[in-house]
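Okay, structure first, notes after.
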Amino acid sequence: MEERAGYARGCGGSNLERVSLWEERAGRNEALFREVNERIEELHAARSGEEIAEFVCECADDACSERIPVPLRVYEQVRSDPRRFIIHPGHQRSELEQVVETAERFLVVEKHGAAGRVAAATDPRQ
Ligand SMILES: [Zn+2]
């Protein structure tokens, strides 16, 4: 078996590494909600892009179960960028993401740093 050089895991590390692990975890969480939303969209796929579907909030809080009404057309636009997520207004975390679009019922955020890398790496459409 081939040994690959990689990151050491679970041996402490600096504060910087810990922050980045937390960011990674947040990114993974959001990626999970994104997959749920992909299923929700599939159920509506045959219908009009103007139709509004109830998506789940894709924020970093794994206890969040907020539902957000988003037009399928907007959802598709957001999904075309692996670093973008749809979240409930107020659920954004400035240390992970920046708001790129504000609507009445939802926000579109774009991940930066480690969370953005995880988001891109776990994109179900890539
Ligand atoms: Zn949320």
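Filtered by the rule that a residue be more than 17 Å from residue 26 (Cβ to Cβ) and either within 12 Å of the ligand (Cβ to nearest atom) or in a loop (DSSP other than H, G, I, E, B) (or both), region 58-110 gives 67, 68, 80, 81, 89, 103, 104, 105, 106. Whether any residue in region 38-48 is outside any strand (DSSP E or B), touching a Lys or Arg at 6+ places or on another chain (Cβ under 6 Å) and not basic (Lys, Arg) is what I want to check. Checked against the condition, which is being outside any strand (DSSP E or B), touching a Lys or Arg at 6+ places or on another chain (Cβ under 6 Å) and not basic (Lys, Arg), region 38-48 yields no hits at all.
Where a number appears in this text, it was derived from the coordinates with a stated rule and is not lab data. The structure displayed is predicted, hence computed values, not measured ones. Glycine also receives a Cβ, built like all others from the backbone with ideal geometry; neighbour counts cover every protein chain displayed.
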